[in-house]
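Contents: one structure, followed by commentary.
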Amino acid sequence: MFGIIISTILWEGIRTYSSILQNLIKSEKLQMVSHLAASISHEVRNPLTVSRGFMQLISAEISTEKGKEFVSIALKELDRATDIINDYLTFAKPAIEKNEKININEEILQAINVISPLATMNGVEIEQIIKDSEQKQYMTNGERKKFQQCLINIMKNGIEAMKSKGGKLQIHLYSSQGTVKIDISDQGVGMSQEQINRLGQPYFTTKEKGTGLGMMVSYSIIKGMNGTIHVSSEPRKGTSFSLALPVFLLQKD
Ligand code: ADP
Ligand code: MG
């Protein structure tokens, strides 16, 4: 009897200790990546700013139309690179800091604009469905840039899931039970239950060049906006991400 009690206590002790150790390792790893992301972003941003300045100077010197067009493309691309860097800082600091009014309709359109070249490249058609009245503008609260990043991350995953055979990426926007819902569905490779469970864990990726950070960032952004993400997926059939956010205001034009 005594032996059983002692060994139970010992076993519980070992289990607690090992789970504490596991959590410690996880948070250490996370912290390291946060620092790395922040410092790399910082280092890369400076040369980008310098290049942009010189590009603008060159732009003033150029007289041909073609030359001006090329410089303008280069400037846009530099801006995009800077945006991407800025977005990666989100990972270092996922907490929502600003509280802005966000027009969800506009953000979805903007995200589609950003992602459509990738969709075209992969033979993916993007279909946007806005239920209720077309004029209805859904408003919510949060940080616009981060919300934008979250939408892009999820759409990008949808497109990447259809890489080999193409398909349709559907984006539904509608209101339900006092929340605004955004469903982003693809017809891609889908996920097993085990993969769904691991979704949102840092470094979980099944892609050769994946970071395994996109979903983690997205989950934390939506959580910061008091929203939820629900996933349903079937291997080889497709995946649907359903975001629910508090509606802050319904505006009609
Ligand atoms: P990454 O895209 O860099 O791999 P993410 O955090 O964005 O990292 O996604 C993690 C993993 O979740 C992906 O590697 C993939 O296995 C899975 N996943 C995410 N979205 C989808 C999707 N729409 N369809 C199938 N698998 C997905
Ligand atoms: Mg991704």
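The values are calculated or read from the model by the stated rules, or taken from the named source; none is laboratory data. Computed from a prediction, not measured in an experiment: that's the story for all the values here. Cβ sites come from the backbone with ideal geometry, for glycine too, and all protein chains shown count toward neighbours. When the accessible area is computed, the model is the full protein with side chains, heavy atoms only, and any ligands, DNA or RNA have been set aside. Shrake-Rupley method; radii C 1.70, N 1.55, O 1.52, S 1.80 Å.
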Indicate the helices, whole DSSP H runs only, in the chain that combine a mean Kyte-Doolittle hydropathy of -1.0 or more with a Cα extent along their long axis of 18 angstrom or more. 2-61, 65-92, 104-121, 144-161
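What range in the chain is the longest one free of trypsin sites (Lys or Arg not before Pro) that are in a loop by DSSP and have at most 14 other Cβ atoms within 10 angstrom?
Here the longest run is 1-97.
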Alpha-carbon centroid distance for the pair segment 169-214 / segment 19-42, whole angstrom: 23
Please compute the Cα-Cα pair-distance distribution of the chain with 10 Å bins starting at 0, giving whole percents from short to long. 6, 24, 29, 22, 12, 5, 2, 1, 0, 0
Of the listed pairs Lys181/Lys209; Lys98/Lys163; Lys136/Lys237; Lys66/Lys146; Lys98/Lys223; Lys101/Lys136, which have alpha-carbon separations greater than 26 Å here? Lys181/Lys209; Lys98/Lys163; Lys136/Lys237; Lys66/Lys146
Out of all DSSP beta bridges with both ends in the chain, state the antiparallel percent to the nearest 5. 80
Out of Met191, Asn103, Ile115, whose Cα points farthest toward the positive end of the dipole of the chain (charges: +1 Lys, Arg; -1 Asp, Glu; placed on Cβ)? Met191
Given a 1.4 angstrom probe, what's the average accessible area per residue across the chain, in square angstrom? 62
Report, to the nearest whole %, how much of the accessible area of segment 127-177 belongs to carbon and sulfur atoms, 1.4 Å probe, protein only. 43
Taking protein heavy atoms only, a 1.4 Å probe, and rounding to whole percent, the accessible area of segment 2-92 owed to carbon and sulfur comes out at 68
GluC sites (Glu not before Pro), restricted to segment 117-174: which are DSSP loop and have at most 10 other Cβ atoms within 10 Å? Glu134
Accessible-area order (highest first, 1.4 angstrom probe) of the listed residues Ile104, Ile58: Ile58, Ile104
Tell me the mean residue ellipticity at 222 nm calculated for the chain from its helices only (DSSP H runs of n ≥ 4, each -39500 (n - 2.57), averaged over every residue, nearest 500). -19500 deg cm²/dmol
